[in-house]
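Here the structure is laid out as structure tokens; the discussion comes afterwards.
The values are calculated or read from the model by the stated rules, or taken from the named source; none is laboratory data. In this text the structure is predicted, and so the values were computed from the model without any measurement. Virtual Cβ from ideal backbone geometry, glycine too; neighbours counted across all protein chains shown. Ligands, DNA and RNA are excluded from the accessible area calculation, which covers all protein heavy atoms including side chains. Shrake-Rupley method; radii C 1.70, N 1.55, O 1.52, S 1.80 Å.
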Amino acid sequence: GIHNLQEAFEEGYFASHHGVDPKAIDYLEGFAGPVEGDTMAWDAMMAFLNTHDMAQATNYATLQSMMDPANYINFKVCEIYYYRWDIGNHRLWRPRTPEGRFRWILFDCDVGWGGFWSVPPAYAFPMLAYDLEPNGPWTQYEQNPGGNDHNSPVVTFLLRTLVNNPRFRGDFINRFADVLNADFEPVRVMRRIDQFAARIA
């Protein structure tokens, strides 16, 4: 069958695309397990989020020194749009420098857009509600067709917490609307799919 070809997120990727020393990064996968570096900065950020009100502008400003909210918004917009329900399985990285901030990498989209274990019709699945669910996981889908129970409170915590901040919430809504009306506009998306299909054929 047709397999997706893309760069591996290894040393060369971080050096060529981001100009960082690949030996001096925290690169986390899955439920924030370390592939390179460690989880100290991630743990510190999670502790900060658990003990500070993100609705306060000063707290949000501090968080911005730990992560790149614009990058995270792009990541979540794509994840929600693609119906990538395996939201606990993520990849993120930061340079191991005082100003290093976490950024996310989109991957594993074969479980999206009606891929395996999707709930038909995939386009009708309420992914935004799934990502913001405080009391998950949604076990009602475990038997038929299966899966889609990956939205536990730990997994949804970051987005749920950030949307409490008015600036983040406004940026998230505006970015989502912009992308839906441009890059993800249906006619454009269908045209791109047809273009790729024609190249493969």
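Surface composition of the chain: carbon plus sulfur atoms hold 55% of the accessible area, using a 1.4 angstrom probe and ignoring ligands, DNA and RNA. The residues of segment 20-61 have, on average, 52 Å² of accessible surface per residue, using a 1.4 Å probe with all protein chains present. Once C-alpha pairs closer than 8 Å and six or more residues apart are averaged by separation and normalised to the residue number of segment 120-189, the relative contact order reads 22 percent. Here the contact order of the chain, divided by its residue count and restricted to Cα pairs under 8 Å and six or more residues apart, works out to 17 percent.
Across the chain, the longest run free of exposed loop sites, meaning GluC sites (Glu not before Pro) lying outside DSSP classes H, G, I, E and B with no more than 16 other Cβ atoms within 10 Å, spans 11-98. Neighbours of residue 116, meaning other residues whose beta-carbon lies under 11 angstrom from its beta-carbon, give a summed charge of -2 when Lys and Arg score +1 and Asp and Glu score -1.
For the chain, the 222 nm mean residue ellipticity estimated from helices alone, with every DSSP H stretch of n ≥ 4 adding -39500 (n - 2.57) and the total spread over all residues, rounds to -13000 deg cm²/dmol. Per residue, segment 109-177 exposes an accessible area of 55 Å² to a 1.4 Å probe, with every protein chain left in place.
Three principal axis extents of segment 1-57 based on alpha-carbon atoms, in descending order, are 46, 31, 23 Å. Tell me whether segment 62-201 comes out rounded, prolate or oblate; compute the Cα gyration tensor, take square roots of the eigenvalues as a ≥ b ≥ c, and use a/c under 1.5 as the rounded threshold. Verdict is oblate for segment 62-201. Basic side chains Lys and Arg get +1 at the Cβ, acidic Asp and Glu get -1 at the Cβ, and with that the dipole of the chain about its Cα centre reaches some 520 debye.
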